[in-house]
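The values are calculated or read from the model by the stated rules, or taken from the named source; none is laboratory data. What you see is a predicted model, and the numbers here were worked out from it, not measured in a lab. Here Cβ is always computed from backbone atoms with ideal geometry, including for glycine, and neighbour counts include all displayed protein chains. Accessible surface is based on the protein model in full, side chains and every heavy atom, while ligands, DNA and RNA are left aside. Shrake-Rupley method; radii C 1.70, N 1.55, O 1.52, S 1.80 Å.
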Amino acid sequence: MPENWMLPRIFPIGGILFDFLFVLIAIPIEAYVLHKRLKFDKKTSTFYAISINLFSSVIGWIIFFVTEPMLPIQVKSELINYMLFNNFKSANTQTLIILIASIIFFATFIMKFFILRVLLISLSEPVAKKEEEPQTSQRRRWRTFSSAKLQSSNLVITTLIANSLSYSAITIILLFRSK
């Protein structure tokens with residue numbers, strides 16, 4: 001752990017603006033997938049897409065600013081060179097970027113799934129529950145459990161599809177940017 005634990009003095013404004021552009025691209029794509037796959041209305045799917053993208057973006061930047069001081073000097077140099085000048089010094093960096101991009105993709109997918117799950121649970125919970133719940137049979141409980149399990153897997157697949165499509169669009173933009 002570094003002894004001088006401080007926030008960086010220079011913020012990567014270009015990176016933050018590109019992240020803002022990526023969020024603006026990801027929101028309509030993911031809202032469309034949520035609308036089509038989970039049968040939300042357009043307003044609700046847009047709300048969930050905005051929420052999961054903004055929360056995951058903020059969490060991602062917090063993780064970046066916490067881990068950046070702990071990186072080795074060579075990796076910091078490559079990161080700064082890419083953020084400021086859009087090129088790499090070393091040829092080995094592309095392998096590292098592919099590995100890090102894969103980790104970021106799956107971490108973002110997991111974050112978005114849990115954020116969406118928390119939003120769905122917290123926003124659909126009734127405020128006042130009935131005091132007396134009727135006895136349910138074992139068969140009915142099993143059906144409810146199976147239905148919840150199916151809905152959970154549908155939510156995972158939908159989140160994976162939405163994240164994959166938005167990351168594909170972002171990758172295409174990054175390819176155009178590099179040329």
- [ ] Report the full-extension gain for the segment Thr171 to Thr95: residue separation times 0.36 nm, less the Cα-Cα distance, to one decimal in nm.
- [x] 25.8 nm
TODO: Find how much the distance from Lys36 to Ile62 grows on full extension, using 0.36 nm per residue of separation minus their present alpha carbon separation; answer in nm with one decimal.
DONE: 6.2 nm
TODO: Could you check the simple spin-label distance between Thr44 and Arg117, using points 7 Å along Cα→Cβ, in nm with one decimal?
DONE: 2.0 nm
TODO: Report the paramagnetic label zone for Leu17: residues of region 56-100 whose backbone N is under 15 Å from a point 7 Å from Cα along the Cα-to-Cβ axis.
DONE: 83-86
Task: Mean accessible surface per residue for region 41-104, computed with a 1.4 Å probe while every protein chain stays in place, in Å² - done: 69 Å²
